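First the structure, in the form of structure tokens, and then the observations on it.
Any read-out appearing in this document is the output of simple, stated calculations on the displayed coordinates, not a laboratory observation. Every value quoted in this text rests on a predicted model; they were computed, and no experiment measured them. Here the Cβ positions follow ideal geometry from the backbone for every residue, glycine too, while neighbour counts run over all protein chains shown.
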Amino acid sequence: MRYFLLIFFLACVAVVGIAGFQGSHSRRQPIELFSDMVRQAKLRPQTPNDFFEDQMSSRLQVPGTVAKTPAYKVSGEPLEVNGKPVYPYEDSPVNTGRVTGTTNWVENIPVPVTRQLLDRGQQRFQINCSPCHGPAGDGKGITAKYGMVAMANFHDKRLVEMTDGEIFNTITYGKNLMGAYGPNVEVLDRWAIISYVRVLQRSQLASMDDLPENLRGSLKK
């Protein structure tokens, strides 16, 4: 038994002598049974490397291996602003809701407002917005019955006068109790929703002067 204890003691001394105590400081290279990828066989960017002829570790992508993000399309045709197609990664009013190079919101929707866009906006609004804001956009959605209050009423003067760009920003990043819908609703669908919100506002706030002459008489009857 005493030989066992002696051998055990010597083994502990050897381990401590080689590995040291946990938390202690040493300039010696630590012993690693598993490196856990602390040191990897990789190339760091913008550093010299003898493997390549130009001695640079940073390499261009192999042609044809990285897909180029396509431009937005509306009705199968590329969406253009100022005669140029718009891409998802660009600093464009379509992507940001702001005038390019400024912090100013765009006043109006920067994509063509068509019947197809309005129909899409109605569909996306009913899925994403109506539970809280209500089918009519008056803030009386189903969630109000479960204690959620202070939902925005799109017919309030403040929201009627709000620019389309600011509404786009709110949909994208959220505001107050409203979470961000940017990860869930695509860019063009956000503009489609805004176009439908404007339709809802017009349906409630329009005056007789907004109607064509041939329809005014039928409403008066």
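Roughly how compact is segment 158-221, stated as its Cα Rg over 2.2 N^0.38 Å to two decimals?
Working: Rg = 15.9 Å, N = 64, 2.2 N^0.38 = 10.7 Å.
Rounded to two decimals, the normalised Rg is 1.49.
How far is helix 164-173 tilted, in degrees, relative to the longest principal axis of the Cα atoms in the chain, given as a value from 0 to 90 rounded to the nearest 10?
The angle comes out at about 30 degrees.
For the chain, with a Gaussian network of springs between Cα atoms less than 10 Å apart, report the residue from LEU79, LEU159, LEU60 with the top mean-square fluctuation.
The residue with the greatest mean-square fluctuation here is LEU60.
Springs between alpha-carbon pairs under 10 angstrom, Gaussian network model over the chain: which of ASN49, ASN153, ASN184 fluctuates most?
ASN49
Where does segment 104-207 land on Rg/Rh, using Cα atoms and the Kirkwood Rh?
0.93
Using +1 on the beta carbon of Lys and Arg, -1 on that of Asp and Glu, and nothing else charged, what's the dipole of segment 104-207 about the Cα centre, debye to 20?
It works out to roughly 240 debye.
Note down the magnitude of the dipole of the chain about its Cα centre, charges +1 on Lys and Arg C-beta and -1 on Asp and Glu C-beta and zero elsewhere, to the nearest 20 debye.
On the way: 25 positive and 21 negative charges, 142 e Å.
Result for the chain is approximately 680 debye, rounded to the nearest 20.
How far apart, in nanometres, would the label points at ARG216 and LEU118 be if each is projected 7 angstrom from Cα along the Cα-to-Cβ direction?
That separation, rounded to one decimal, is 2.1 nm.
Using modelled backbone amide H atoms (1.01 Å from N, in-plane), which distant-in-sequence or interchain residues come within less than 5 Å of ARG98's amide H?
Distant-sequence amide H within range of ARG98: VAL106.
What Kirkwood hydrodynamic radius do you get for segment 36-122 when you take the inverse of the mean 1/r over all pairs of distinct Cα atoms, in Å?
Details: mean 1/r = 0.0576 Å⁻¹.
Its Kirkwood hydrodynamic radius stands at 17.4 Å.
Once the Cα atoms of helix 115-128 and of the chain are each reduced to a long axis, what angle between those two axes, in degrees from 0 to 90 to the nearest 10, is obtained?
Around 60 degrees separate the two axes.
Okay, helix-only estimate at 222 nm for the chain: each DSSP H run of n ≥ 4 adds -39500 (n - 2.57), divide by all residues, round to 500 deg cm²/dmol; what do you get? Intermediate values should be presented prior to the final figure.
Details: 8 runs with 81 residues, N = 221.
Only helices count here, giving -11000 deg cm²/dmol.
Just to confirm the filter: which GluC sites (Glu not before Pro) across segment 118-221 are DSSP coil and have at most 11 other Cβ within 10 angstrom of their Cβ? Working shown, then result.
Values: sites: GLU161, GLU166, GLU186, GLU213; in loops: GLU161, GLU186.
The qualifying sites are GLU161.
Considering only C-alpha atoms, what is the centroid distance from segment 152-218 to segment 49-95, in Å?
Distance between centres, Cα-based: 32 Å.
Find the Cα radius of gyration of segment 79-153, compare it with 2.2 N^0.38 Å by division, and give the number to two decimals. The partial results should precede the final answer.
Values: Rg = 16.2 Å, N = 75, 2.2 N^0.38 = 11.3 Å.
Relative to the 2.2 N^0.38 Å estimate, segment 79-153 comes out at 1.43.
Per-residue counts of other Cβ atoms within 10 Å, averaged by peptide: what ranking do you get for 102-108, 121-127, 42-48, highest first?
121-127, 102-108, 42-48
Taking every pair of alpha-carbon atoms in the chain, give the share separated by more than 27 Å as a whole percent.
Details: 14526 of 24310 pairs.
Tail of P(r) above 27 Å: 60 percent of Cα pairs.
Which residue fluctuates the most in the chain, going by a Gaussian network model with Cα springs under 10 Å, if the choices are GLU90, GLU53, GLU80?
Residue with maximal mean-square fluctuation among GLU90, GLU53, GLU80: GLU53.
With r defined as the distance between the Cβ atoms of GLN46 and LYS73 and R0 fixed at 30 Å, what FRET efficiency is calculated, to the nearest 0.05?
Numbers: r = 37 Å, r/R0 = 1.24.
The computed FRET efficiency comes out at 0.20.
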